[in-house]
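Worksheet for the structure shown next.
The values are calculated or read from the model by the stated rules, or taken from the named source; none is laboratory data. Keep in mind that what you see is a predicted model, and the values were worked out from it rather than measured. Quick reminder, even Gly has a Cβ in these numbers, built from the backbone with ideal geometry, and neighbours come from all protein chains shown. Please note that ligands, DNA and RNA were not included when accessible areas were found on the heavy atoms of the full protein model with its side chains. Shrake-Rupley method; radii C 1.70, N 1.55, O 1.52, S 1.80 Å.
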Amino acid sequence: MADEKELRYEPALIEPKWQERWARNPAMYAAEPVSGPQKTEKPKYYVLEMLPYPSGQLHMGHVRNYSIGDALARYMWMQGYNVLHPMGWDAFGLPAENAALKNNTPPRQWTLQNIAAMKRQMQRIGFAYDWANEVTTCLPDYYRWNQWFFLRMYERGLAYRKQSKVNWCSLCATVLANEQVIDGCCWRHEENPVEQRSLEQWFYRITEYAQELLDGLDKLPGWPEKVRTMQRNWIGRSEGTEVDFAVEGAPDAKIRVFTTRVDTIFGATSVQLASEHPLVPELTAGNEDLEREISAMIDSQKTARESGDKSEVEKHGIFTGRYAINPYNGERVPIWVANYILMGYGTGAIMSVPGHDVRDFEFATKYGIAIRRVIRGVAESEEETPLPFESEDGILINSGEFDGLICEEAQKKLQEVAVEGGFGEAKVTFRLRDWGVSRQRYWGTPIPMVNCPEHGLVPVPDEQLPVLLPEQIEITQEGGSPLSRVPEFLNTTCPKCDGPATRETDTMDTFVDSSWYFYRYTDAKNSGAPFSPEVAQYWFPIDQYIGGVEHAILHLIYSRFWTKVMRDLGLIVNDEPATRLFTQGMVIKDGHKMSKNRGNVVSPDEMVARFGADASRVYALFAAPPDRDLDWQEDGVAGVSRFLSRVYRLVMRFAPVAVAGKGQSAAAPTGVSLALLRKLHQTIAKITLDFAGRWHFNTSIAAIMELVNALVSAESALGSGEVPAPVVAELLRSLVLLIAPFAPFLAAELWSELGETGEVLRTSWPVSDPALAKEDEIEIPVQVNGKLRAVVRVAAEAGRAELEATALADEKVQEWLGGKIPVKIIIVPGKLVNLVVK
């Protein structure tokens with residue numbers, strides 16, 4: 001056996017050695033061919049972590065995310081799957097421009113430097129990525145296909161340009177999509193209110209797929225319910241009625257409102273318009289004071305609230321002096337302009353029913369508008385129902401001929417009346433709005449359109465793609481796109497008439513890049529198409545997607561939309577991008593999420609230098625369940641490092657015995673051998689179950705620790721021959737395989753020391769023997785009158801009689817019984833015993 005000096009675990013020597021060997025064999029992590037004469041017959045498994053923005057450095061939050069996916073990928077390889085586990089870079093975006101301004105470094109140079117640095121970190125940590133299919137979204141071989149997709153959407157009417165109120169962040173100096181406005185502020189600048197500006201913008205018609213996006217959520221049981229709920233709420237389907245209110249004194253003017261509660265329309269005591277409603281100028285014409293008031297309101301509304309909680313907005317209103325006519329009863333109701341009504345939602349007008357809506361109640365109370373009850377509770381008197389009463393479980397009152405109807409029935413009848421009378425219709429609306437993809441920035445995909453004085457907007461032909469970004473450009477914070485100040489880019493010829501024309505100078509939202517990158521991974525070197533449909537059909541949908549819950553709306557809803565568009569283009573056959581989604585918890589340090597903005601990041605380089613890559617990875621998986629937040633503790637990494645040292649010493653000490661016993665058969669195990677094999681096979685069974693879906697990697701690693709403790713406690717038996725050499729070989733070989741998904745460098749080193757020549761990654765996962773994995777004894781809770789009073793241990797196969805006798809013999813149970821004899825004994829074999837006493 002080796003002496004103690006030779007048993008010292010030194011990751012600083014072991015890990016670089018294996019990293020260098022793996023670098024010489026890049027195909028080790030590559031997927032096998034899916035077509036052609038070498039086509040694999042293995043089942044496929046596509047595991048993917050969300051690609052990072054190349055900020056320059058990883059932190060331990062990244063390491064945790066990637067360690068989860070890496071452990072799963074390695075396990076699936078060992079289970080015999082053809083695994084695709086790629087990595088790439090979400091490389092366009094505003095931070096590169098900000099860095100250019102700050103460091104006087106061109107965005108391309110800054111980005112590619114960061115990519116190289118982060119890739120080195122990933123390789124040093126040992127992530128098993130197929131770098132042959134690496135994707136970098138800022139390179140022309142990728143963004144060319146962003147432009148190609150844009151043209152296909154333009155042809156189908158899914159890409160269009162219009163003048164629109166947009167969200168403007170003054171710090172980003174660009175437009176934001178509604179999904180990028182969080183509580184009225186920029187998603188990147190949490191304290192900076194977003195303004196409303198009117199600009200000519202490009203949009204993707206995501207609303208065309210609103211219903212399908214909503215219905216598809218029911219087909220994703222492998223996604224967290226929290227994510228599905230967030231998307232349902234964002235899509236925001238509402239069924240209701242659109243009703244026209246005539247404007248008194250204006251025979252041709254109508255105010256159309258949408259309501260989900262047409263049953264309350266007899267309680268409407270005002271109509272309220274958004275300040276930008278097209279009727280407002282007509283209603284206020286000639287009244288300079290009124291026009292001035294509304295203009296001031298519009299100025300105060302420059303803070304965008306689309307993504308915030310509108311109920312929190314302080315409500316202001318201006319009475320126009322005009323009236324609308326309720327089409328159901330002919331009642332005159334005052335027309336107001338209100339700051340909390342948004343032109344971008346519904347029709348830009350509402351009927352205000354303060355007796356049955358909290359928001360309307362607050363407004364009416366503030367301005368002294370009438371409040372009328374038209375619904376009472378089913379089981380309550382009119383006086384006993386406090387206002388505002390919002391429940392739909394009620395009965396109509398003060399509603400003319402509809403009095404006495406329950407709300408649901410009234411909604412149907414009132415809708416029918418509107419349709420028959422020609423002043424309304426049934427309507428389904430969505431909260432979801434079309435995706436604004438124009439950005440007034442440089443570092444993004446150029447939009448492939450030109451403006452011709454004669455022909456207007458003209459798409460760039462496919463054969464002229466990609467429209468290249470100029471590499472040398474002065475980045476400033478002046479208004480408008482920096483590309484508009486680059487004559488070599490701006491000036492071009494019209495594809496239709498060859499006359500002078502100008503290019504579109506807005507670039508695409510960077511969420512375009514991340515909406516389809518995982519399809520490009522399957523065929524990353526294809527120069528003739530975004531990817532091969534045949535190859536994509538083999539790999540999709542993704543079997544396991546891993547990333548933060550913060551992407552539930554922005555990235556994930558866009559990627560689902562993009563998948564449906566590609567399906568309709570005939571490129572793919574799947575409806576959804578991923579079968580299963582896992583949202584990992586955050587890494588917390590000093591009470592906050594680990595992030596560069598907080599200045600609380602822990603560099604993996606430091607951890608690797610002090611404790612090794614394996615210790616850093618194992619700690620990230622062991623310190624908390626992967627779906628929970630992890631409170632960073634450096635002492636924990638040191639503790640994991642000591643555990644890995646223990647594994648190293650154990651295997652190294654008995655490797656000669658294992659090598660000698662390799663391939664030999666042993667007699668039926670007894671004594672210590674049987675106990676150790678039982679512990680081994682129980683551990684195999686547990687970890688296999690964890691990988692099958694529970695993902696309790698923290699308890700998987702804890703189970704390995706228990707196995708190692710058992711082996712260390714039996715060291716004298718392992719070395720004396722009491723445990724036969726073939727059993728030692730099975731124990732140590734299986735231990736190394738079990739730890740391989742979590743600590744790949746250590747596993748590779750010990751696998752070699754055990755005389756194995758193949759890659760651990762390509763070695764079959766150990767299979768648990770059910771007979772050995774079976775528990776000798778189990779714990780059974782004993783209840784007295786339904787309350788837990790004791791826990792007893794019995795043979796796993798114990799029957800009812802043995803369970804009853806063991807429970808009654810327990811001292812704690814006898815103490816609780818106090819000499820009483822149970823009148824009934826309820827036994828659930830293998831689960832519990834309940835003693836019922838009077």
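Within the range 1-158, how many Lys pairs that are eight or more residues apart, or on different chains, come under 29 Å at the alpha-carbon?
Values: Lys5/Lys17; Lys17/Lys119; Lys44/Lys119; Lys102/Lys119.
So the count of such lysine pairs works out to 4.
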Where does helix 554-568 land angle-wise versus the long Cα axis of the chain, in degrees 0 to 90, nearest 10? 80 degrees
Tell me, how many Å apart are the Cα centres for the range 74-125 and for the range 7-67? 14 Å
So, R0 is 51 Å and r is the distance between the beta-carbons of Lys366 and Thr40; what FRET efficiency does that work out to, to 0.05? 0.15
With every protein chain left in place, what is the accessible area per residue of the chain in square angstrom, probe 1.4 Å? 43 Å²
How high is the relative contact order of the chain, in percent, with contacts defined as C-alpha pairs under 8 Å that are six or more residues apart? 14 percent
Rounded FRET efficiency, nearest 0.05, which uses the C-beta distance separating Glu463 from Ser752 and R0 of 60 Å: 0.65
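Regarding the range 1-97, what's the average projected area of the Cα-atom convex hull, expressed in nm²? Don't jump to the answer; show the numbers that get you there.
Details: hull surface 41.9 nm².
Seen from a random direction, the Cα hull of the range 1-97 projects 10.5 nm² on average.
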If you compute Rg and Dmax of the Cα atoms in Å for the structure shown, which of [x] 33.7, 106; [y] 33.9, 116; [z] 36.0, 138 do you land on? [x]
Would you work out the relative contact order for the range 59-135, in percent, from Cα pairs under 8 angstrom that are 6 or more residues apart? 42 percent
Roll a 1.4 Å probe over the protein heavy atoms and report the accessible area of Leu680 in Å², nearest 10. 0 Å²
Any chance you could give the angle, 0 to 90 degrees and rounded to 10, that helix 407-421 forms with the longest Cα principal axis of the chain? 40 degrees
Bounding extents of the range 743-804 in its principal axis frame from Cα atoms, largest first in Å, are 60, 22, 17
Starting from the Cα of Lys564, draw a straight line to each of the aspartates and glutamates and keep only those under 13 Å, dropping any in the same chain fewer than 8 residues away. Glu208, Glu212, Asp215, Asp575, Glu576
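Given the DSSP H assignment, sum -39500 (n - 2.57) over each helix run of at least 4 residues in the chain and divide by its residue total; what's the result at 222 nm in deg cm²/dmol, nearest 500? Each step should come with its number before you reach the end.
Working: 26 runs with 302 residues, N = 838.
Taken over the chain, the calculation gives -11000 deg cm²/dmol.
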Using a Förster radius of 56 Å, what is the FRET efficiency between Glu20 and Arg800 based on their Cβ-Cβ separation? Nearest 0.05, please. 0.35
Place a point 7 Å from the Cα of Lys525 along the Cα-to-Cβ direction; which residues of the range 135-153 have their backbone N under 17 Å from it? 135-136, 141-142
Whenever you get a sec, line up Lys315, Lys787 from highest to lowest accessible area (probe 1.4 Å, protein heavy atoms). Lys787, Lys315
Given bins 10 angstrom wide, list per bin the percent of all Cα-Cα distances in the range 361-473, short to long. 10, 20, 20, 10, 10, 18, 10, 1
Modelled label-to-label distance, Ala809 and Ile588, 7 Å Cα→beta-carbon offset: nm? 4.7 nm
Label Gln79 and Leu772 with points 7 Å out from Cα along Cα→Cβ: what is the distance between them in nm? 2.1 nm
To test your reading of the geometry: what angle, between 0 and 90 degrees and rounded to tens, separates the Cα axis of helix 800-809 from the longest principal axis of the chain? 80 degrees
If you bin every alpha carbon distance in the range 314-403 into 5 Å steps from zero, what whole percent lands in each bin? 3, 12, 20, 22, 20, 13, 7, 2, 0
Cross-link candidates for Lys427: which lysines have Cα within less than 17 Å, leaving aside residues fewer than 8 places away along the same chain? Lys412, Lys413
I'd like the carbon and sulfur percentage of the solvent accessible area for the chain, probe radius 1.4 Å, heavy atoms only, ligands and nucleic acids excluded. 49 percent
With DNA, RNA and ligands ignored, accessible area of Arg642 (1.4 Å probe; Å², nearest 10): 150 Å²
Kindly flag which residue pairs out of Lys165/Lys315; Lys787/Lys812; Lys774/Lys824 have an alpha-carbon separation exceeding 23 Å in this structure. Lys774/Lys824
